[in-house]
1. I'm trying to understand the selection: among the residues of segment 58-91, which are surrounded by fewer than 16 Cβ atoms within 10 Å (Cβ to Cβ), without any contact (Cβ under 8 Å) to a residue 12 or more places away in the chain and in a loop (DSSP other than H, G, I, E, B)?
2. Tell me which residues, restricted to segment 16-37, are modelled with pLDDT of 75 or more, assigned to a loop (DSSP other than H, G, I, E, B) and either open to solvent by 80 Å² or more (accessible area, probe 1.4 Å) or in contact with a helix residue (DSSP H, G or I) (Cβ under 9 Å, 6 or more places away or on another chain) (or both).
3. If ILE94 satisfies all but one of (1) in contact with a Leu (Cβ under 9 Å, 6 or more places away or on another chain); (2) open to solvent by less than 70 Å² (accessible area, probe 1.4 Å); (3) hydrophobic (A, V, I, L, M, F, W, C), what's the number of the condition it fails?
4. May I ask you to list pairs of residues, at least six apart or on different chains, whose Cβ atoms are under 7 Å apart, with the first in segment 92-120 being free of Cβ contacts under 8 Å to residues at least 60 places away in the same chain and more than 21 Å from VAL130 (Cα to Cα) and the second being open to solvent by 70 Å² or more (accessible area, probe 1.4 Å) and of a type outside the set (A, V, I, L, M)?
5. Here are the criteria: (1) under 19 Å from the mean Cα position of the chain (by Cα); (2) of a type outside the set (Asp, Glu); (3) open to solvent by 90 Å² or more (accessible area, probe 1.4 Å). Tell me which single one ASN151 does not satisfy.
6. Could you tell me whether any residue of segment 111-126 is open to solvent by less than 60 Å² (accessible area, probe 1.4 Å), under 16 Å from the mean Cα position of the chain (by Cα) and small (Gly, Ala, Ser)?
Amino acid sequence: AKLSKKKNPYRLEYVLPTHVDGKTLGYIKTEDSKTTDDDQILTLSNERITVPELLFSPSMIGIKQGGIAEAITQSVKACHPDIQALLYKNIVLIGGSTKFPNFQKRLRQDLRAQVPSDWEINIRSAGSGVDPSLCAWKGGSMMVKSGAYSNYSLSKKTYEEYGPDACKRKFYWYA
């Protein structure tokens, strides 16, 4: 049954950005907020919880793949066994989805069920004052500016000439 706005703690109204002037951003409507007839308002309730949950359990909507914890576990297992425990001790959360409330706590809980109990799991955010949704872009930008990009990239021409073997030769030097 639907609860009234005052009784449902998860319900909120989000005023969508107008994109007309390029300056008006979206915002969460409060009792003091003034809106116009032109404003588009999106009302959210349990979607605020179920949408982030899909990151951890995609099977909820019929996607047959693991969630974030399974992806991390699979990635770590693909690495050399000598560094796997070290990787679990150095997980850094970046990306806009990591801003969801309790994201870090939930990820730790899901990983703990999959990682050997004697291995430490250390998960941290990008840092105080750092917007995690911009970290990947900033990191890529820094890498290009440093001149290291050519060491970690492959031209389209080379790939078309040699195919996947070009990637194996350039990037799997440690195997």
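1. Correct list: GLY62, ILE63, LYS64, GLN65, ALA78, CYS79.
2. LEU25, GLU31, ASP32, LYS34, THR36, ASP37 - these are the residues of segment 16-37 that are modelled with pLDDT of 75 or more, assigned to a loop (DSSP other than H, G, I, E, B) and either open to solvent by 80 Å² or more (accessible area, probe 1.4 Å) or in contact with a helix residue (DSSP H, G or I) (Cβ under 9 Å, 6 or more places away or on another chain) (or both).
3. The one condition ILE94 does not meet is (2).
4. Close Cβ pairs (under 7 Å, with a partner that is open to solvent by 70 Å² or more (accessible area, probe 1.4 Å) and of a type outside the set (A, V, I, L, M)) amount to GLU120/LYS89.
5. Going through (1) under 19 Å from the mean Cα position of the chain (by Cα); (2) of a type outside the set (Asp, Glu); (3) open to solvent by 90 Å² or more (accessible area, probe 1.4 Å) one by one, ASN151 breaks only (1).
6. Yes.
The values are calculated or read from the model by the stated rules, or taken from the named source; none is laboratory data. Everything numeric in this text was worked out from a predicted model, so none of it was measured. Neighbour counts run over all protein chains shown; Cβ positions are idealised from the backbone, glycine included. What goes into the accessible areas is simple: the full protein's heavy atoms, side chains included, and nothing from ligands, DNA or RNA. Shrake-Rupley method; radii C 1.70, N 1.55, O 1.52, S 1.80 Å.
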